[in-house]
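To keep things clear, I will list the structure first and then write my remarks on it.
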Amino acid sequence: MAKAHICLYFVIFLYLYSEGTFTRVNAEGRHGEWCVAKPATKKEKLQQIIDFARSKVNCADISNGGACYSPEDLLLHASVAMNNYYQAEGRHFWNCNFEGSGIIAITDPSTGNCKYQLKK
């Protein structure tokens with residue numbers, strides 16, 4: 001119990017010492033939440049996720065000619081499709097489950113011209 005009090009006092013001290021302002025440190029870029037596929041997800045499951053998401057939301061960005069189109073990268077396609085669904089459905093954690101294949105990222109997974117959707 002004494003350790004908990006010491007930690008609490010330390011946090012209060014830091015707060016007072018910093019004049020009541022804390023700076024949130026994030027990676028550069030957009031701030032928010034994105035749904036992405038777990039890297040260990042099997043290819044068959046990734047394809048099922050892509051098919052499901054395409055049946056529910058617009059996934060033009062992973063179609064031929066789209067900004068995120070990369071025919072050899074099933075993980076990227078699934079992540080973009082999962083995120084499109086997650087954003088469209090209101091960004092609830094259960095909309096990123098995909099039977100345990102999804103994870104919520106707090107750093108923007110966008111790369112190059114492939115920009116992941118982010119709805120405020």
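Among the residues of region 36-64, write down those that are free of Cβ contacts under 8 Å to residues at least 12 places away in the same chain and in a loop (DSSP other than H, G, I, E, B). Across region 36-64, the qualifying residues are Ala40, Lys42, Ser63, Asn64. Applying the criterion of being open to solvent by 50 Å² or more (accessible area, probe 1.4 Å) and touching a helix residue (DSSP H, G or I) at 6+ places or on another chain (Cβ under 9 Å) to the residues of region 52-72, the residue that is nearest to Thr111 (Cα to Cα) is Ala67.
If I filter region 110-120 for residues that are part of a loop (DSSP other than H, G, I, E, B), closer than 19 Å to Lys56 by Cβ, open to solvent by less than 60 Å² (accessible area, probe 1.4 Å) and of a type in the set (Gly, Ala, Ser), do I get at least one hit? No - not one qualifying residue is present in region 110-120. Residues that are modelled with pLDDT under 60 and either surrounded by 14 or more Cβ atoms within 10 Å (Cβ to Cβ) or touching a Phe, Trp or Tyr at 6+ places or on another chain (Cβ under 8 Å) (or both) do occur in region 18-29. When you check Glu33 against the structure, is it of a type in the set (D, E, K, R), open to solvent by less than 100 Å² (accessible area, probe 1.4 Å) and either at pLDDT 95 or above or not in a helix (DSSP H, G or I) (or both), yes or no? It is true that Glu33 is of a type in the set (D, E, K, R), open to solvent by less than 100 Å² (accessible area, probe 1.4 Å) and either at pLDDT 95 or above or not in a helix (DSSP H, G or I) (or both).
The values are calculated or read from the model by the stated rules, or taken from the named source; none is laboratory data. The structure presented is a predicted model; accordingly, all values stated were derived computationally and were not measured. Cβ coordinates were reconstructed from backbone atoms using ideal geometry, including for glycine residues, and neighbour counts include every protein chain displayed. These accessible areas exclude ligands, DNA and RNA; they are computed on the full protein's heavy atoms, side chains included. Shrake-Rupley method; radii C 1.70, N 1.55, O 1.52, S 1.80 Å.
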